Amino acid sequence: MTTTAPSGAADGEGNTMNGLRLIRRHAAAFGRFAGLGGGVTLAASAALVLLSQWIPWMAANALTTVASTLVATELHARVSFGHGRPGLAGHLKSAATIAAGWLVTSAAAGALTALRPGAGLVLQQTVYLSATALVGTGRYLVLRLAVFTEDTPQRPSGGDVRLRAAYNAAA
């Protein structure tokens, strides 16, 4: 004769496992998001240095910002979130999160200048990097919850199916 656990215990364990699986899946997606975003940022920084040798810095900055936003959106949609091609709406929403992030980091830097006009480089970088980390976390949440949602219908293609399978396997 076998005994079974009360149904509440089995359900609790199942919910715990599902909760842990969900946490691992989102942690993996966040790791991919941060890694890809950091990589694109470093590449854009290098491109900015190179381009600014031939064209004015402001123009080079605008070009690298647009290009890196397009590349990052494609990578985040396909790799970070396993969503497939983002389309125009996805690109526009992602660009809006970039613009909002720029406003937040600019406000943080402006507030520091107003509150501590003689702030040293270490404090300036601490404030900027803290604001950037906050923006990155917020951007991840907006993209994950509102732009590249898990229940969005997908049009599978060979590459998208493989990326989705890799995403699910990592989760």
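Evaluated against (1) small (Gly, Ala, Ser); (2) open to solvent by less than 40 Å² (accessible area, probe 1.4 Å); (3) at pLDDT 90 or above, residue 35 falls short on exactly one condition, (2). Can residue 111 be described as free of Cβ contacts under 8 Å to residues at least 60 places away in the same chain, of a type in the set (A, V, I, L, M) and farther than 16 Å from residue 36 by Cα? When the stated conditions are applied, residue 111 passes them.
Among the residues of the stretch 131-150, the one identified as over 19 Å from residue 40 (Cα atoms), open to solvent by 60 Å² or more (accessible area, probe 1.4 Å) and not aliphatic (A, V, I, L, M) is 150. Given the criteria without any contact (Cβ under 8 Å) to a residue 60 or more places away in the chain, of a type outside the set (Gly, Ala, Ser) and exposed (fewer than 13 other Cβ atoms within 10 Å of the Cβ), does residue 63 qualify? No. Per the listing 80, 68, the residue uniquely of a type in the set (Gly, Ala, Ser), out of contact with any Leu (no Cβ under 8 Å at 6 or more places or on another chain), surrounded by 13 or more Cβ atoms within 10 Å (Cβ to Cβ) and at pLDDT 90 or above is 68. Within the stretch 23-39, residues that are more than 15 Å from residue 136 (Cα to Cα) and in contact (Cβ under 8 Å) with a residue 24 or more places away in the chain have Cβ atoms under 9 Å from residues that are open to solvent by 50 Å² or more (accessible area, probe 1.4 Å) and among the polar types (S, T, N, Q) in these pairs: 25/168, counting only partners at least 6 apart in sequence or on another chain.
So, residue 82, is that one touching a residue at least 40 places away in the same chain (Cβ under 8 Å), on the phi > 0 side of the Ramachandran plot and of a type in the set (Gly, Ala, Ser) or not?
Criteria met by residue 82.
Would you be able to say whether some residue in the stretch 91-106 is basic (Lys, Arg) and touching a residue at least 40 places away in the same chain (Cβ under 8 Å)? Give the derivation first.
Step one: filter the stretch 91-106 for residues basic (Lys, Arg), giving 93.
Narrowing further to those that are touching a residue at least 40 places away in the same chain (Cβ under 8 Å): 93.
Yes, some residue in the stretch 91-106 is basic (Lys, Arg) and touching a residue at least 40 places away in the same chain (Cβ under 8 Å).
In this structure, residue 69 does not qualify as under 16 Å from residue 137 (Cβ atoms) and of a type in the set (Ser, Thr, Tyr). Within the stretch 137-161, restricting attention to residues that are in a helix (DSSP H, G or I) and modelled with pLDDT under 90, the residue that is nearest to residue 84 (Cα to Cα) is 160.
Among residues that are hydroxyl-bearing (Ser, Thr, Tyr), open to solvent by 60 Å² or more (accessible area, probe 1.4 Å) and either in contact with a His (Cβ under 9 Å, 6 or more places away or on another chain) or under 25 Å from residue 25 (Cβ atoms) (or both), residue 73 is not included.
The values are calculated or read from the model by the stated rules, or taken from the named source; none is laboratory data. Just so it is clear, the model here is predicted, and its values are computed rather than measured. Virtual Cβ from ideal backbone geometry, glycine too; neighbours counted across all protein chains shown. Ligands, DNA and RNA are stripped out before the accessible areas are found, and what is left, the full protein with its side chains, is counted by its heavy atoms. Shrake-Rupley method; radii C 1.70, N 1.55, O 1.52, S 1.80 Å.
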